[in-house]
Amino acid sequence: MASTPSLRRKRPFSEIESLGDTEIQACFDCFKNSRTCVVMSSSKGTRCASCTRKGISCVGQSWESLDKTREKTKSAINEDLKRLEKVSAELAEIQSRLSRNRVLLEFAEKRAKEKAICLMEELEQEEEEERARNGGLTDGELRELADNLAVSTQAVGNQEVSNVSDSHDGIAITQADS
């Protein structure tokens, strides 16, 4: 059967284990034995669950624990600083590329606008030259006029042939369409 002091320590141990908080920096015994150090956060000066169960005094922080914690923290800070430096360099590169591309796009849009204006001016000049050569009409307008004239001439020619065929004593004259 368990001794009375052991039973008396068991109850506080269970309470501390179930209601306590994990200490970031373990007490000497928990650090030495690589255990999680659980203490009641509401009360000061009490022992951790492990020391309570063992019935030993709970010596706060050991120098080894403090040194180990400082080294881990310094290492984490250095890793984060290196990562931040790398990410910052990538960000600066992306911002530089973005700025350069915006300038290039602005230049390309300006050149496209200038080229369109120049092309329109050339087309207007060509139309003026065509009108001067063609008596006030462009080549396109002359072609359209010629096409309309050809259609009108063909229609008139077909009408004359049909009138002539009626006047020849019943002899039908037909003209094949070209």
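Observations
- Of residues in segment 62-80 being surrounded by fewer than 16 Cβ atoms within 10 Å (Cβ to Cβ) and within 20 Å of Asp21 (Cα to Cα), the one modelled with the highest pLDDT: Thr69
- Arg53 vs. criteria of a type outside the set (Ser, Thr, Tyr) and modelled with pLDDT under 75: no
- Those residues of segment 126-171 which are of a type in the set (S, T, N, Q) and at pLDDT 80 or above, in sequence order: Asn148
- Counting only residues that are assigned to a helix (DSSP H, G or I) and surrounded by 10 or more Cβ atoms within 10 Å (Cβ to Cβ), segment 125-141 holds 11 of them.
- When segment 65-81 is filtered for residues that are of a type outside the set (A, V, I, L, M, F, W, C) and free of Cβ contacts under 8 Å to residues at least 12 places away in the same chain, the ones remaining, listed by number, are Asp67, Arg70, Glu71, Lys72, Thr73, Lys74, Ser75, Asn78, Glu79, Asp80.
The values are calculated or read from the model by the stated rules, or taken from the named source; none is laboratory data. Keep in mind that this is a model prediction, so the values were computed, not measured. Here the Cβ is made from the backbone with ideal geometry for all residues, glycine too, and neighbour counts use every protein chain on show.
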